[in-house]
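All of the numbers you see were taken from the coordinates with simple rules; none came from a lab. In this text, all values refer to a predicted model and were calculated from it rather than measured experimentally. Don't worry about glycine lacking a Cβ; one is built from the backbone with ideal geometry, like all the others, and counts go over all protein chains shown.
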Amino acid sequence: MSIVEEAGKFYALGTSPTEVIKAFEVCADLVEQMIPYCQCKLVAFDGDHDATVHAVLQSLVAKQWCTAERSIWIMRTTTQRLEWHLRNDTLPD
């Protein structure tokens with residue numbers, strides 16, 4: 001198991017305060033990028049929010065910029081910011 005030391009404390013890799021903050025900042029930045037991107041992609045999906053979000057999520061996961069779980073969080077946050085109301089099955093839990 002890999003561990004990281006920060007301020008005299010030890011954390012599992014990826015869980016130190018600095019790493020968590022950095023991951024959140026990356027995800028928050030991606031949300032800001034996804035908002036206009038989803039608005040543009042909406043046209044390609046004839047105004048269908050669910051289809052747009054599904055396609056963008058699949059693309060985001062495929063790029064492997066972050067974990068699938070973080071990609072879902074990014075898309076969930078993006079849709080909240082856009083005030084898009086999705087079907088319950090559009091985004092995985």
Test: residue in region 80-93 that is assigned to a helix (DSSP H, G or I) and either touching a helix residue (DSSP H, G or I) at 6+ places or on another chain (Cβ under 8 Å) or among the β-branched types (V, I, T) (or both): yes
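So is R70 in contact (Cβ under 8 Å) with a residue 40 or more places away in the chain, surrounded by 13 or more Cβ atoms within 10 Å (Cβ to Cβ) and not in a loop (DSSP other than H, G, I, E, B) or not? Working first, answer last.
On the way: in contact (Cβ under 8 Å) with a residue 40 or more places away in the chain: yes; surrounded by 13 or more Cβ atoms within 10 Å (Cβ to Cβ): yes; not in a loop (DSSP other than H, G, I, E, B): yes.
Here the answer is yes, as R70 does meet what is asked.
Based on what the data block shows, is A62 farther than 20 Å from W84 by Cβ and surrounded by 11 or more Cβ atoms within 10 Å (Cβ to Cβ)? Please lay out each step first, then the result.
Numbers: farther than 20 Å from W84 by Cβ: yes; surrounded by 11 or more Cβ atoms within 10 Å (Cβ to Cβ): no.
No; evaluated as a whole, the condition is false for this residue.
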Considering residues of region 1-38 that are more than 16 Å from the chain's Cα centre (by Cα) and under 30 Å from V53 (Cβ atoms) only, the residue surrounded by the most Cβ atoms within 10 Å (Cβ to Cβ): E19
Count of residues meeting criterion [hydrophobic (A, V, I, L, M, F, W, C) and part of a helix (DSSP H, G or I)] in region 1-52: 17
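Taking region 38-67 only, how many residues are touching a His at 6+ places or on another chain (Cβ under 8 Å) and touching a residue at least 24 places away in the same chain (Cβ under 8 Å)?
Taking region 38-67 first, the residues touching a His at 6+ places or on another chain (Cβ under 8 Å) are 42, 49.
Narrowing the set further to residues that are touching a residue at least 24 places away in the same chain (Cβ under 8 Å) leaves 49.
So the answer is 1.
Residues in region 6-19: is at least one closer than 24 Å to E83 by Cβ and either of a type in the set (A, V, I, L, M, F, W, C) or in contact with a Ser or Thr (Cβ under 6 Å, 6 or more places away or on another chain) (or both)? Steps first, please.
Going residue by residue through region 6-19, those that are closer than 24 Å to E83 by Cβ are none.
Scanning region 6-19, I find no residue that is closer than 24 Å to E83 by Cβ and either of a type in the set (A, V, I, L, M, F, W, C) or in contact with a Ser or Thr (Cβ under 6 Å, 6 or more places away or on another chain) (or both), so the answer is no.
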